[in-house]
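Readers should treat all values here as calculations from the given coordinates under stated rules, not as data from a laboratory. In this text the structure is predicted, and so the values were computed from the model without any measurement. Neighbour counts run over all protein chains shown; Cβ positions are idealised from the backbone, glycine included.
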Amino acid sequence: MKEFILALDVEERRIALKIAEELGDLVDRFKVNYPLILSSGIGIISELSEIKPVIADLKIADVPHISARIAEIAFRNDAKAVIAHGFAGSDSLKAVFNVAKRFGGELYVVTELSSPGGEEFMNKFSLEIVKKAKEIGCQGLIAPATRIERLKEIKEVAGEMKILCPGVGAQGGSLEALRFADGIIVGRSIYEAENPRKEAKKLREYVQAYSV
């Protein structure tokens with residue numbers, strides 16, 4: 001089954017919880033990023049996890065011992081998965097992977113950002129990042145829905161690794177990404193819509209159609 005993940009890229013705890021409660025039945029997981037965690041506190045992960053599992057999108061990219069500590073804090077607060085940057089190198093990825101394994105969680109590795117800047121530097125090494133993540137045993141990858149041909153190349157190298165794609169909606173990414181990915185991550189185009197629930201239902205139907 002393909003996944004439909006809601007990115008809660010808002011700042012206020014109250015707003016995040018309201019969106020989560022209203023749309024939780026239509027999505028598979030929530031993804032939270034720095035704006036919400038920094039403004040609401042790390043405990044927001046635990047609060048949201050009572051509704052649906054949470055991916056902590058901390059884009060971890062530091063030396064191994066710091067990367068491991070960041071991951072541990074996320075998992076201690078009920079995150080089911082974390083996201084790390086692949087460009088930090090295999091030693092940092094291994095450190096985060098070991099923490100995730102200890103908590104029974106998942107590690108998703110960013111190959112390249114879905115924004116145009118992702119093509120400037122990361123694009124040159126993203127396939128090598130995929131190979132390293134696969135070698136380490138990481139559960140999945142984060143790859144752009146905004147560049148379908150690139151996503152196809154990443155899928156060919158990734159094999160059976162799970163791929164989640166941000167960029168659908170506000171960034172102009174295509175739902176065609178579901179041909180090569182295991183799930184999409186959508187945020188602003190849902191919760192900033194005139195009717196968020198209607199938009200979420202429409203996307204849920206797309207995801208289900210690709211799951212057949």
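Yes or no, residue by residue, for (1) surrounded by fewer than 17 Cβ atoms within 10 Å (Cβ to Cβ); (2) free of Cβ contacts under 8 Å to residues at least 24 places away in the same chain; (3) farther than 16 Å from Met1 by Cα:
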| site | (1), (2), (3) |
| --- | --- |
| Gly137 | yes, no, yes |
| Ala181 | no, no, no |
| Glu199 | no, yes, yes |
| Val207 | no, no, no |
Among Ala143, Ala84, Ala79, Ala74, which is the only one that is among the hydrophobic types (A, V, I, L, M, F, W, C), within 16 Å of Phe180 (Cα to Cα) and either surrounded by fewer than 24 Cβ atoms within 10 Å (Cβ to Cβ) or in contact with a strand residue (DSSP E or B) (Cβ under 8 Å, 6 or more places away or on another chain) (or both)?
Ala143
Cβ-Cβ distance below 8 Å, separation of 6 or more or different chains: which pairs start in segment 75-87 with a residue that is within 18 Å of Lys162 (Cα to Cα) and end on one that is of a type in the set (Lys, Arg) and not in a strand (DSSP E or B)?
Gly86/Lys132
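Looking only at segment 164-184, how many residues end up being outside any helix (DSSP H, G or I), of a type in the set (A, V, I, L, M, F, W, C) and under 19 Å from Arg204 (Cβ atoms)?
6
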Condition broken by Glu160, with the remaining ones in (1) part of a loop (DSSP other than H, G, I, E, B); (2) surrounded by 21 or more Cβ atoms within 10 Å (Cβ to Cβ) satisfied
(2)
Residues of segment 45-102 classified as under 15 Å from Arg29 (Cβ atoms) and among the charged types (D, E, K, R), total:
6
